[in-house]
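As structure tokens, the structure follows; a few thoughts come after it.
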Amino acid sequence: QVPLEESGGGLVHAGGSLTLSCTTTSRSLFGFYAMGWYRQAPGKERELIARITSSDRINYAESVKGRATISRDNDKNTLYLRMNNMQPQDTAVYYCNGLVGLTMATSDPQLPWGQGTQVTVSS
């Protein structure tokens, strides 16, 4: 399996924005029913926060709704997550993955996890 590569994280002040990217050299990520962004905060479980299907249906977790935008570029084989008005509770390692499942609640990641990209939001 070709690993997923997340990038774009860093240190941002509260209220700031970041755009995260997820790429892979294979088409495996784009071959799934959906693709999604997860995050894992220290001491917490990994959670799905945004999902986009092959037909561009989009869902967000309540924790990021209104502040996050998931998108993809099929030509570049890249998945994006734009986060605005970031807050300290957004501090986490962010990951992407290919998904099966018809809803956010039933989404199941299918690929080996990448290294993730660390996002730290200072107050």
Which of the residues that make up the range 13-45 are of a type in the set (Ser, Thr, Tyr), under 20 Å from Ala68 (Cα atoms) and assigned to a loop (DSSP other than H, G, I, E, B)? Ser17
What pairs come out if I take residues in the range 66-78 that are at positive phi and pair them with residues that are part of a strand (DSSP E or B) whose C-beta lies under 7 Å away, six or more apart or interchain? Asn77/Thr23
Can you tell me which residue is least open to solvent (accessible area, probe 1.4 Å) among those in the range 51-93 that are touching a strand residue (DSSP E or B) at 6+ places or on another chain (Cβ under 7 Å) and basic (Lys, Arg)? Arg51
Residues in the range 24-42: is at least one open to solvent by less than 50 Å² (accessible area, probe 1.4 Å), modelled with pLDDT of 95 or more and either on the phi > 0 side of the Ramachandran plot or among the β-branched types (Val, Ile, Thr) (or both)? no
Pairs please, first residue from the range 83-98 and closer than 28 Å to Phe32 by Cβ, second anywhere and of a type in the set (Phe, Trp, Tyr) and open to solvent by 30 Å² or more (accessible area, probe 1.4 Å), Cβ atoms under 6 Å, 6+ apart in sequence or on different chains. Tyr95/Trp113; Gly98/Phe32
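The values are calculated or read from the model by the stated rules, or taken from the named source; none is laboratory data. Treat the numbers as computed from the prediction; the structure is a model and nothing was measured. Note that we place each Cβ from the backbone using ideal geometry, even for glycine, and neighbour counts take in every protein chain shown. Calculation scope for accessible area: heavy atoms of the full protein, side chains included, ligands and nucleic acids excluded. Shrake-Rupley method; radii C 1.70, N 1.55, O 1.52, S 1.80 Å.
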